[in-house]
1. Please list 47-55, 135-143 highest first by mean number of surrounding beta-carbon atoms within 10 Å per residue.
2. Might you report the magnitude of the Cβ-based charge dipole of region 3-149 about its Cα centre, with Lys and Arg at +1 and Asp and Glu at -1, to the nearest 20 debye?
3. Rg over Rh of the chain, using C-alpha atoms and the Kirkwood radius, what does it come to?
4. Given the convex hull over the Cα atoms of region 93-156, what projected area results after averaging over all orientations, in nm²?
5. Could you tally the net charge around ALA103, taking each other residue with its Cβ under 11 Å from the Cβ of ALA103, Lys/Arg +1 and Asp/Glu -1?
6. Relative contact order (percent) for the chain, with alpha-carbon contacts under 8 angstrom and 6 or more residues of separation?
7. Helix 41-51 against the longest principal axis of the chain: what's the angle in degrees, Cα atoms only, rounded to the nearest 10?
8. Rank the residues THR75, THR30 as a footprinting-exposure proxy: fewest other Cβ atoms within 10 Å of their Cβ go first.
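Every number in this text was worked out from the coordinates using simple rules, so none of it is lab data. Only a predicted model underlies this, so the values are computations on that prediction, with no experimental measurement involved. Every residue, glycine as well, gets a Cβ built from its backbone with ideal geometry; the counts of neighbours run over all protein chains shown.
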Amino acid sequence: MQSLTLFVPDETAMTALGAQLATASRGHGTVFLEGDLGAGKTTLSRGIVRGFGHVGAVKSPTFTLVEPYELGAITLYHFDLYRLADPEELEFMGIRDYFDGNALCLVEWPRKGEGVLPKPDLTITISAHEQGRLVELRAGSSSGETWLGALAPVDQ
């Protein structure tokens, strides 16, 4: 599968990358967001949510596990599984209903839901690099490959 690594110098650029991902995804699919605490997963999620026109706050759903957004014709679910003790807890909250193909699902800390979560269309790993971040995007499906194509610089 395809991958793309980008250097993102600051929060503004991370938010802009999120907006590009929103456009590329067209509001459907599953995105896993990986990286240490403070890496920029929520900032990237904020860019994606705002890319669909949301103007309010976008916070990490650390305590609620999921934050839903109804954005016109787009339904987006932002998950933060950091505090999840056992992947089976996801079954009790009806996790499979969220991943029915009609929404865009952003999942922070996806390893906490291993064995229960579906395969992602795109896995994004964010790591500190110099004064910014390295963002590695790995396609997990043909949809993810299409999204990467939309993000790749024109001169490649």
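1. Values: 47-55: 19.4, 135-143: 17.9.
My ranking of the peptides, most packed first, is 47-55, 135-143.
2. In total the dipole reaches around 300 debye.
3. 0.94
4. Values: hull surface 24.1 nm².
Mean shadow area of the hull around the Cα atoms is 6.0 nm².
5. -3
6. 34
7. 80
8. THR75, THR30
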